[in-house]
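Structure first, commentary second.
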Amino acid sequence: MSSHHGNLKIYNSLSGQKEKFEPLHENRVGMYVCGPTLYSEPHMGNMRTFINFDMIYRYLLVLGYQVKYVRNITDAGHITNSLGEAEDSIGKAARMEQMQSLEIVYKYNVKFQELQRIYNLLPPSIEPTATGHIQEQIEHIEKIINNGFAYVVNGSVYFDVKKYSEKFEYGILSGRKVDELAEETRTLNAQDEKRFFADFALWKKANPEDMQIWRSPWGDGNPGWHIECTAMSTKYLGPHFDIHGGGMDLKFPHHEDEIAQNCGSLGCNPAKYWMHANMLNVNGQKMSKSLGNYFLPQEIVEGSTELFDKPYSPDVIRFFMMQAHYRSNLDFTSDALNAAEKGFSRLSDAVMLLDKLTVATNSSFNVGELVSSFYTAMNDDFNAPTLIANLFEAAKKINLINDGKETISKDDLNILSAHLTIFISDVLGLRIGTSNSDSKLSPVMDLVLELRQQARENKDWTTSDKIRDGLAAAGIVVKDTKEGTSWS
Ligand code: AMP
Ligand code: ZN
């Protein structure tokens, strides 16, 4: 158990403050993060949220906590689209691609798992699916009805926000007041089954065009969007656990409604700490499928998006993301990515010098203090940008030692090396030597690409294709452009 694990502070969206992190059960942490809706390939914005929570998970592990990390996969349910309308996005995609709903989900889950490997995300403890937990969702809805916080209309079940507000505070997380919500939401029309505009569906009666339908005590239908997370978080982490996370855009209504459902069925807010990661923007606007301003995580490493004129290694992208705090929003630009590529190279070069340093009897600077600054940064609400600034301080020292302007003892060098590995690899999830321009692979790749070029000049297509396919099998993508050949 790390001696630094008692000093972590987390910004809790529930209180709007940084709070000392005290897990409910000593040394154990339960964390639930809302996962992707797999009706299409996750975009770079989605990945940013998952990468941020991967960093949070990694740091909790480094602090010595035993973490159970649950991140769901949404493969059923009526999701609200950006216009606030209910929409079965998976069914829609399935019809378009002439597949079954679960074929669509499987197809994009294969892609999502591949992206996690490319971007070096640790697998969660479990990735449960909504369709695998329909029974649990039904049982939760029954509890909410029995407690008087939901009503049945024509085969659908709605959460009764007014009734709930008599006992609990609806809006506790988002700060929205039920009365103020009235002004934002369209007024109820005659066909609306809801008693009150803020009521939300727990179960929706089946529509003729629904591709997935389940039996329930209220007739055939589909679970509402929010209930899956309540059912799965309770099943794997219990009624009250430590951390609940997701993107900022899920705060309302999704997380607000999760809290209402949990209080409505089990009498308590599900999580002690609510964490929200900020958005990846494009020209100041949230990256989203519906706005069409998105690019895919694979496109950027292959260099096939129009937005950037070259590929970037996944580690450079991760490094770039870690240079922004998880609660700040972030804009992707070529200039910023190029700067990140240089920065990561500089850090990698310094780390690779460690093995070559000559040790002295004494250190000319305080290594313990430097290492402590890594923990201090991360203990301050996972401040990865400050950690990176402190890692650059370490890189500067390494270069000075190499130039004979500072000294380090053998013990201190071991301490520094070990902590650089912990913070760069284990916490930030970065693989040293993968910044493309300066990696150990570079000279080898130069040689292989030269041989391929020779084969092409000799019109020996068998050899040139063999090289290309062999590299692809090793996860290296070669791209020919007017300027020459690049790889990632
Ligand atoms: P979805 O598949 O739409 O349910 O989203 C999966 C996760 O990605 C959620 O936690 C969202 O909050 C998050 N997300 C969606 N768009 C963005 C974005 N532009 N930047 C960061 N996170 C996002
Ligand atoms: Zn959720």
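The values are calculated or read from the model by the stated rules, or taken from the named source; none is laboratory data. A quick note: this is a predicted structure, and the numbers were derived from the prediction, not measured. All Cβ positions, glycine included, derive from the backbone under ideal geometry; neighbour counts span all protein chains shown. Protein only, heavy atoms only, side chains kept; ligands, DNA and RNA dropped before computing areas. Shrake-Rupley method; radii C 1.70, N 1.55, O 1.52, S 1.80 Å.
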task: Could you please put T376, T358 in sequence from largest to smallest accessible area, using a 1.4 Å probe?
output: T358, T376
task: Run through the DSSP bridge list for the range 5-277 and note the antiparallel percent, rounded to the nearest 5.
output: 50 percent
query: From the Cα gyration tensor of the range 281-427, with a ≥ b ≥ c the square roots of its eigenvalues, which class applies: rounded if a/c is under 1.5, or else prolate if a/b is larger than b/c, or else oblate?
result: prolate
field: Considering only the chain, percent of DSSP beta bridges that pair antiparallel, nearest 5
entry: 50 percent
message: Which chymotrypsin sites (Phe, Trp or Tyr not before Pro) in the range 350-381 sit in a loop by DSSP (not H, G, I, E or B) and have at most 16 other Cβ atoms within 10 Å of their own Cβ?
response: F365
- request: Just check the range 5-277 against the gyration tensor rule for me: Cα atoms, a ≥ b ≥ c as the square roots of the eigenvalues, rounded for a/c under 1.5, and otherwise prolate or oblate depending on whether a/b exceeds b/c.
  value: oblate
- prompt: In what order, largest first, do Y108, Y312 sit by accessible area if the probe radius is 1.4 Å?
  reply: Y108, Y312
- line: Between R117 and T463, Cβ-based FRET efficiency (R0 35 Å, step 0.05) works out to 0.75
- request: Please work out how many pairs of lysine residues in the range 281-427 are eight or more positions apart (or on different chains) and have Cα atoms closer than 17 angstrom.
  value: 9
- line: Helix 227-237: inclination vs the chain longest Cα principal axis, degrees, rounded to 10, gives 60 degrees
field: Accessible carbon and sulfur surface of the chain relative to its total accessible area, %, 1.4 Å
entry: 49 percent
- prompt: So for the pair N362, K18, with labels modelled 7 Å out along Cα→Cβ, what separation do we get in nm?
  reply: 3.5 nm
field: Accessible area per residue, Å², the range 281-427 with all protein chains present, probe 1.4 Å
entry: 44 Å²
